Amino acid sequence: MYKHFSACALIALAAGVAQAGVTGPSPTAASFSFASDQADMSWTFFGFGDQVLDGMNAEDPIKLVVDDANGICPSVKLFAEFSASFTLSGYTATNIFGSTWLHSYNAAGSFGFNDPVSGAPWLTAFLGDSVFTSPGSQFRWSSTGAALGSDDFGAVVYVATQEFVDAINAALDGTGCTAADLNVFAGQSVSPDDFGFDLSLLNSGPNGVAIDPQTGLPIATWRSEGSYSGSATFVPTPGAAALAGLGLVTVTRRRRSK
């Protein structure tokens, strides 16, 4: 398993330059999702301390659903390798009621979907000022949690590759629809974009996840199942391919043993 993504600020700057020349009707969003426990031999997430990573392996892909946000074209289901790398910071804890506390963190990093055979990037999301949260007792996460982000309160940027567009077109062959009809184009998304992960079976043992009373970070390795939904707004522009290349040049790959 691999992939850690960086240089979100550089990509965002390039997006601002590209968007300055966009004219015409407002673009329409594409939606993406996968259900919990589709990869039945892997945990969706695992982590330790301030790190949240994917628990997937290349032999156990998820099924990514791509749709035109409830439009007329059929949705596409693609087997994909899921990757994720978030860093948690800015811990706060709020006593909601009784002995129930809400533990919240700033989450920054990336997640993505890759060709399950070659490992080549298909769709990557870069995150800034997103949220990771779990209710629980004062010094423990419960068995549920969530990670979410939106351009409404933070920064979410998706980058789609031409390989991803080609895979969608192949899946749609014979339907009369194309990736463009699903509002997916190679390049970088523009606002609004968002994502949400629901975590379940969140645990480091039989009693949830114990956290450090000072930092709020887990004191043992944890894992969870998870489901995902998100949306991205792409526009077809002459510079889309070049912009996608800029984002992918910044990709740093790492191998992680399971």
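Calculate, in nm to one decimal, what ALA35 and THR215 gain on full extension: separation in residues at 0.36 nm each, minus their alpha carbon distance.
61.6 nm
To one decimal place, what Kirkwood hydrodynamic radius in Å is obtained for the range 178-234 from all pairs of distinct Cα atoms?
For the range 178-234, inverting the mean 1/r across all distinct Cα pairs yields 14.5 Å.
Please list 3J(HN,Hα) in residue order for the range 133-148, calculated via the Karplus relation 6.51 cos²θ - 1.76 cosθ + 1.60 where θ = phi - 60°; whole Hz, with x for glycine and proline.
Computed from phi, the couplings for the range 133-148 are 8, 8, x, x, 7, 4, 10, 7, 6, 7, 8, 10, x, 7, 10, 8 Hz.
Sequence gap at least 6, Cα distance under 8 Å: using those rules, report the relative contact order of the range 73-114 to the nearest whole percent.
48
How much length is gained on full extension from ASN70 to PHE153, taking 0.36 nm per residue of separation minus their Cα-Cα distance?
This chain segment gains 27.4 nm when fully extended.
Quick query: amide H of GLY226 versus all other amide H atoms, modeled in the peptide plane; which residues come in under 5 Å with a sequence gap of 5 or more or a different chain?
Distant-sequence amide H within range of GLY226: ASP37, THR44, SER200.
Distance in nm between label sites at LYS77 and PHE97, each 7 Å beyond Cα in the beta-carbon direction?
3.9
Mind grabbing the base-10 log of I(q)/I(0) for the range 47-169 at q = 0.12, 0.18, 0.21 Å⁻¹? Debye formula, identical points on the C-alpha positions, no solvent, two decimal places.
Evaluating at q = 0.12, 0.18, 0.21 Å⁻¹ gives log10 I(q)/I(0) of -0.56, -1.03, -1.20.
I'd like the Karplus ³J(HN,Hα) series for the range 211-228: coefficients 6.51, -1.76, 1.60, θ = phi - 60°, whole numbers in Hz, and an x wherever there's a Gly or Pro.
So the Karplus estimates, Gly and Pro as x, are 10, 5, x, 8, 8, x, 8, x, 9, 9, 5, 10, 8, 7, 7, x, 10, 9 Hz.
In percent, how large is the relative contact order of the range 70-212, given Cα pairs closer than 8 Å and 6 or more residues apart?
22
Karplus couplings for the range 196-210 from phi (6.51 cos²θ - 1.76 cosθ + 1.60, θ = phi - 60°), rounded to Hz, Gly and Pro as x?
Calculated HN-Hα couplings, in order: x, 10, 9, 9, 9, 6, 5, 6, 10, x, x, 10, x, 10, 6 Hz.
From the alpha carbon gyration tensor of the range 57-98, can you work out the equivalent ellipsoid semi-axes (sqrt of 5 times each eigenvalue) and give them in Å, largest to smallest?
Sorted largest first and rounded, they come to 34, 20, 10 Å.
In whole Å and largest first, what semi-axes does the C-alpha gyration tensor of the range 108-208 yield when each eigenvalue is scaled by 5 and square-rooted?
Value: 33, 17, 12 Å, ordered largest first.
Laboratory data are not the source of any read-out in this text; all were calculated from the coordinates shown. Worth saying up front: this structure is predicted, and the values here are computed from it rather than measured. Neighbour counts run over all protein chains shown; Cβ positions are idealised from the backbone, glycine included.
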